[in-house]
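Read the figures in this text as sums done on the coordinates, not as results from a lab. The shown structure was predicted, so the numbers you read here are calculated from the model rather than taken from an experiment. Cβ coordinates were reconstructed from backbone atoms using ideal geometry, including for glycine residues, and neighbour counts include every protein chain displayed.
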Amino acid sequence: MAVIDRIDTLAPIREKVEANERLDFEDGLTLMESDDLLGLGELADLARRVRGGNDEVYFIQNFYLNQTNVCRVKCKFCAFSMTRKEPAAYTLTADQLVEDALQQYERSGFTEIHIVNGESPHVTFDWYVETTCKLHEALPDVHLKLYTASEIHHMSKLAGATHEDVLRELKAAGLGSLPGGGAEIFADRVRQLIAPGKEPAEEWFHVHDTAHRLGIPTHCTMLYGHVESYEERIDHLLRLRDQQDATGGFLAFIPLAFHPENTVFERRGWRHTAGSEDLKVLAVSRLLLDNVPNIKAYWIMMGMPLAAVALHFGANDVQGTVVREEIFHAAGATTETEQKVDELVRFVKAAGRIPVQRDTLYNEIRRW
Ligand code: SF4
């Protein structure tokens, strides 16, 4: 059946990929509906190579921090956020955060700090600016990849300012780039079901559009494997592609599988996605996002063995050493929270690829 499916449905798409032609919505749907997993992987790998990709696989030495888990939004898929009164709620000062970062820097010498937070109504915009400023002063050579578009939007509400004002001030304080969170699925229907308190997709795009125009590169994501349809996944990817056509500031796309543990969806008996679904989403993302250079296999979510397989499904980046991850682990991820450089190198080599340590902007630091 798989062979027949591949001949019947993937063959016209393969012709387009070989000719480096852009795939459309219907092609995306055909890919998503295909059961020919190996065929999808082969096509995605072909697309990566046709567009100039080689055997290099990137990773970064980075450090994840969360400054507060207090959040007003209450997304239904989130196991991380709390109200201020819950015993495990925390909000750190800029000085506490810097102290933590400095201690960790002594240990692992990362080149990037990645911070995302809950959207606490109990802080001010100055708290974010002070944090950015103090981190930059303490670690001037470390790239600061801070705050999702949702958080930037939250800051604009706290400060009564525009997205542009917020981004300009953070950039002046030392912000280097934005992570890609908060995208979830862009379709209104899905946002209403899983994150009714979150701003509409248009605000997410406005933040990224503004950042790119200010020379701040960003990342983009898709949280899949909950209530979204295949059509809504394809719509999400094509909206990202349109934005990239307009401003070109996305460094990488990261598909994120939904983890239901400790959320309302766990009580409804939901399970997280199968590895085959994760590989399919990666492959389709690579095929549709012809203008985003890097597609990440996020090992925190899928585990390193599957991330290594994903390198044959269009991925060319395995994220990084990470060191400490709370958000997916609150939702039941059972992967390690830290991956040592030599382990990452070993996995990438075992997949037949060349490990390249990069900085946030994809400049090479070292290769093996
Ligand atoms: S996903 Fe983010 S915005 Fe939504 S509840 Fe969790 S911390 Fe808050």
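Points to keep in mind about this one:
- Two-site label geometry, Thr93 and Ala246: point separation in nm, points 7 Å out along Cα→Cβ: 4.2
- The modelled label-to-label distance for the pair Ala161/Ala274, using points 7 Å beyond Cα in the direction of Cβ, is 4.9 nm.
- Here the spin labels are modelled as points 7 Å beyond Cα on the Cα-Cβ line, and at Phe25 and Trp368 they lie 4.4 nm apart.
- Cys residues of the chain that find no other Cys beta carbon under 4.7 Å: Cys71, Cys133, Cys220.
- Ellipsoid semi-axes in whole angstrom, largest first, where each is sqrt(5λ) of the Cα gyration tensor of region 183-249: 22, 13, 9
- From its DSSP helices (H runs of at least four residues, each -39,500 (n - 2.57)), the chain gives a residue-normalised ellipticity at 222 nm of -13000 deg cm²/dmol.
- Burial order of peptide ranges 102-109, 307-314 (average beta-carbon count within 10 Å, highest first): 307-314, 102-109
- Net dipole in debye of the chain [+1 Lys, Arg Cβ; -1 Asp, Glu Cβ; about Cα centre; nearest 20]: 460
- In a simple Cβ point-charge model (Lys, Arg +1; Asp, Glu -1; nothing else charged), region 147-239 has a dipole of about 200 debye relative to its Cα centre.
- For region 140-221, diffusion coefficient by Stokes-Einstein and Kirkwood Rh (Cα), 25 °C, 0.890 mPa s, µm²/s: 189
- Separation of region 163-210 and region 250-280, taken as the distance between their Cα centroids, equals 20 angstrom.
- Taking each residue as 0.36 nm, the span from Glu15 to Leu37 lengthens on full extension beyond its C-alpha to C-alpha distance by 6.1 nm.
- Diffusion coefficient, µm² s⁻¹, Stokes-Einstein with Kirkwood Rh over alpha-carbon pairs of the chain at 10 °C and 1.306 mPa s: 76
- Column: log10 I(q)/I(0), Debye, Cα scatterers of region 89-144, q = 0.19 Å⁻¹: -0.68
- Largest-first ellipsoid semi-axes for region 1-151, taking √(5λ) over the Cα gyration tensor eigenvalues, angstrom: 44, 22, 13
- Using only the C-alpha atoms, the convex hull of region 163-319 corresponds to 119 Å³ per residue.
- One compactness figure for region 62-173 is 1.05, namely its Cα radius of gyration divided by 2.2 N^0.38 Å.
- Per-selection Rg to Rh, region 255-310 - Cα, Kirkwood hydrodynamic radius: 1.04
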